[in-house]
Amino acid sequence: MKKYIIKRVIISFFILIFVAFVIYVLMRCLPTSYLEEVARAKSMQPGSKSFEEWMEQLKATYGMDKGIIPGFIAWCGRAIRGDFGDSWKWTVPVTQKFHDAVWISFTMGLISFVLELLIAIPLGVIAATKQYSKTDYAVTIIALAGISLPTFFFASLLKLVFCVKLGWFDLGGLIGRNYQSLSAVGQLLDKAHHLVLPIVTLTVISVGSLMRYTRTNMLEVLNADYIRTARAKGLSENKVIYKHAFRNTLIPIVTIVGGSLPGLFSGALITETLYSIPGIGFVSYQSMTSGDIPFSMFYMVFLAILTLTGNLISDILYAVVDPRVRIA
Amino acid sequence: MSDDMKNVNATDRPPLRAQNVPQNITRRHAEKITEEARKDSSASAGDSGDDKQYSLNDDRRVRTLSPGAMVAKRFFRNRVAVTGMIILVAMFIFSFIGGAITPYKEDQLFYRIEEQNKQYASVVENGEFRYASADGENFSSLAQSKFMLSYINQKDTFESGGEEYFYTEEGDHFYGIYRASDMKLVALAAYDVVASSDGSSKPPFEIQYNALRAFYGEEKTFEAGGESYSVEEDGAVLKGTQEVAYVSRFVVQAVMPDVTLSRQFKDELIADIQAGKSEFNFTDADGVMHTYTVKFEASKNAWSVLQSTKTRVYDTYGAPSREHPLGTDRNGMDMITRLMYGGRVSLYIGFIVIIIETSIGVIMGGISGYFGGWVDMLIMRIVDIFYCIPSMPIIIILGATMDAMKVDPQIRMIYLMLILGFLGWPGIARMVRGQILSLREQEFMTATEATGIRVSRRIFKHLIPNVIPQLIVIMTMSLGDTILMEATLSFLGLGVKFPFASWGNIINDVNDTFVLTNYWFIWIPAGICLLLTVLAFNLVGDGLRDAFDPKMKR
């Protein structure tokens, strides 16, 4: 087991370096960036240097004048020490901006994740136990509709109903107009109030796949021989389903849930952008559209790390939870 | 499991799990059914004699279903999947046939005639002194206010700039102002205004002063600049018989600098205003009648004359009507036509991306699964790398770059398809590899090897066809995902661009809160189309998986 984990971590590390390299090459090859914008603005000023001169100076300042390979090695060297440079757009160190933004995303992600589990698992189990019933069809269609629902369309509908027609929430943003004048508790409640719609959006959009996954696995378990045995020895249906079947369904669910835990830090790019919540998703969206190379690099490598960690966790959990699985 | 993770991890396949081995179950299933049917029929035929048993007549034929027909039968028994199929067919008809029969073009603009009230002229009844200074004299505004002061205090002299002035009343609110030192007339102050009849610049001071004097005095004629003038009762100043100027207490000014108002217009307008009418009709020199609305504005103590002009404007956000069942959009284009073309674009992009994805995925997965060893190792590591590259951020960055480079929308669409296809293949490659790994251990593969069939033929003729069911399912499902992805990008303004329509960029208008609130017909239909299409692809994919997988038999 230990050997397996070490091997996986090493492989993941190499994959990560390659991914970072691909992203770095891509970012460096882009013909436009934030620097050009700055250089253009500066060269417009009266009595200023020409655009090319500014560009050269800025490139030298930000270490963009090296070739791609030396540049990447330099980037790696700094990244390992936790130094991702200064964000061009936000003019603060990348890690600081990340630190400011990530917790709000994490809170949002965690709450909607818990809601998701609470909704998806019971509904999935019920749908599977009553296969081909009306409940099953309803759950299947709701799950598929959730998967198919475009985030931006659903968010717009919610905004129309709850913000415009009913006036319960603000259209966007994390804090209200009178935030500064509120007490500490009031400020917290104000933030919570602004997070309601984003969390609802996130939950509805992502609940479907877990629901379907639970249903499929529950169905598989219900067809297993040990369930027939349990029924044959005269156990009550409740006991069969909730003691024998459900526990076995938990194995794949725990695996996938564990695997998606790192994803809670990734932020919800679309949802945050739609509601203008200054989480990591929205911040990096703004950085990416304005060509902020250090921040975009950091964010994408961060996402890659999260994906790799997620895969690793779910693989390990799979072996840990299910005693039948033996890893060589 | 946020919405973004959904995009990043397109497949929620748990790693390390044993792949479901298909083992041509469908085919076996069909064979079993054939055999059963044969037994049944031979049992019934046995009673009717031995010779009949061996006959090959049509009534002796056993009707069996091919594996494909079995799948179709199972699929069509699934009501939910059939609903999805019907929605899809409807969407295809709507997008492709609808786009062909709609009377409008994708980017045809519509106009509407709008009546706009523009201010044409303003009329002020003069209630304060207006000054005119004599030629070569400068009666400054300071002096004007000094005059005003002494007028209010009912004195008849005042002093300004070291000069002493006095004034005499020469008519109703009409004063001549003289300098005390040389007794010279330097200015006049009057409520009445002397304006040239042709609407051009003011007449010279001499004429103004003398016309006013004549207007109020007994003597109705005067001489100025060697010419003789006469003043009529209504204020008209005649030079010979031709009217050159007139005296009036109303000031009529055109709003537009290039419009000159004729004397006749002014007279009729003032007459109507004095009669308290709110509408003013004027027949101009060409005999065309114009109608103006006259409105008194208390704040400015003036009348404004509004002319309603008909202007052709883009029919933006037109409400649904008979010509435009879903109204018109921001640019004045027919909404339902845009929806049809948008559907075309969304479906085209979806299909092309899937074709690219599948081609790369099948080739890579096939090679990897068949050869194994270091080839497999290499390709799978590439797959791992691609799997880790966050696709959404990459596409956003590329989209923003294309924005900055102002790439032509048509070429941009091609790039978008290539990027989406190139980033989406690892899921398919993994699936194909997994299937092939288990398939190649089976007897029929040994048989192909024994008969000496070429490798490429072995992969693409014997292995890949056995992966087709899973492939079709995964393709259908990811078609929905791709359309969703494209719509999201277009919504963010980074995907398909104007003038091309796509369901995503139609909904883009919602970013304007005014549209969100007031024009539901702009974005709700597009959203519903998108939702229905993606849902239908998922339903059909689900139905196909159940139909291909006999384990799920009812």
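The values are calculated or read from the model by the stated rules, or taken from the named source; none is laboratory data. These numbers were taken from a predicted model, which means no experiment stands behind them. Every residue, glycine among them, receives a Cβ derived from its backbone with ideal geometry; neighbour counts consider all protein chains shown.
Annotations
- Apart from one condition, A:Phe295 fits all of (1) more than 23 Å from A:Ala192 (Cα to Cα); (2) within 8 Å of chain B (Cβ to nearest Cβ); the exception is (2).
- Residues located in the stretch A:225-260, provided they are aliphatic (A, V, I, L, M), within 14 Å of chain B (Cβ to nearest Cβ) and free of Cβ contacts under 8 Å to residues at least 60 places away in the same chain: A:Ile256
- Counted residues, the stretch B:245-286 - those being assigned to a loop (DSSP other than H, G, I, E, B) and closer than 21 Å to B:Gly235 by Cα: 5
- Residue among A:Ser260, A:Ser266, A:Ser290 that is at pLDDT below 90 and touching a Lys or Arg at 6+ places or on another chain (Cβ under 8 Å): A:Ser290
- The one condition from (1) more than 8 Å from chain B (Cβ to nearest Cβ); (2) in contact with a Phe, Trp or Tyr (Cβ under 9 Å, 6 or more places away or on another chain); (3) without any contact (Cβ under 8 Å) to a residue 60 or more places away in the chain that A:Leu269 does not meet is (1).
- Of all residues in the stretch A:280-292, exactly one satisfies the criterion of being more than 8 Å from chain B (Cβ to nearest Cβ) and surrounded by fewer than 20 Cβ atoms within 10 Å (Cβ to Cβ), namely A:Gln286.
- Residue tally, condition of a type in the set (Gly, Ala, Ser) and surrounded by fewer than 21 Cβ atoms within 10 Å (Cβ to Cβ), over the stretch B:361-390: 2
- Residue satisfying all of: in the stretch B:300-325; within 22 Å of B:Met256 (Cβ to Cβ) and hydroxyl-bearing (Ser, Thr, Tyr); surrounded by the most Cβ atoms within 10 Å (Cβ to Cβ) among these: B:Ser304
- Filter result for the condition that a residue is under 15 Å from the mean Cα position of the chain (by Cα), farther than 25 Å from B:Ile419 by Cβ and away from chain A (no Cβ under 11 Å), over B:Phe548, B:Phe521, B:Phe460, B:Phe498: B:Phe521
- Residue match in the stretch B:257-266 (condition: closer than 12 Å to B:Val123 by Cβ and either in contact with a helix residue (DSSP H, G or I) (Cβ under 7 Å, 6 or more places away or on another chain) or among the hydrophobic types (A, V, I, L, M, F, W, C) (or both)): yes
- Residues within the stretch A:106-135 that are of a type outside the set (A, V, I, L, M), touching a residue at least 24 places away in the same chain (Cβ under 8 Å) and part of a helix (DSSP H, G or I), tallied: 8
- Just one of the listed residues (A:Val200, A:Val196) is modelled with pLDDT of 90 or more, within 14 Å of another protein chain (Cβ to nearest Cβ) and either part of a helix (DSSP H, G or I) or touching a strand residue (DSSP E or B) at 6+ places or on another chain (Cβ under 7 Å) (or both), and it is A:Val200.
- Across the stretch A:298-328, the number of residues qualifying as among the aliphatic types (A, V, I, L, M) and either facing chain B (nearest Cβ under 7 Å) or not in a helix (DSSP H, G or I) (or both) comes to 7.
- Qualifying residue in the stretch A:77-86 (condition: crowded, with 21+ Cβ neighbours inside 10 Å, under 30 Å from A:Cys29 (Cα atoms) and away from chain B (no Cβ under 12 Å)): yes
- Scanning the stretch B:83-115 for residues that are outside the structural domain of B:Val345 (by TED's automatic domain parsing) and free of Cβ contacts under 8 Å to residues at least 24 places away in the same chain returns no hits.
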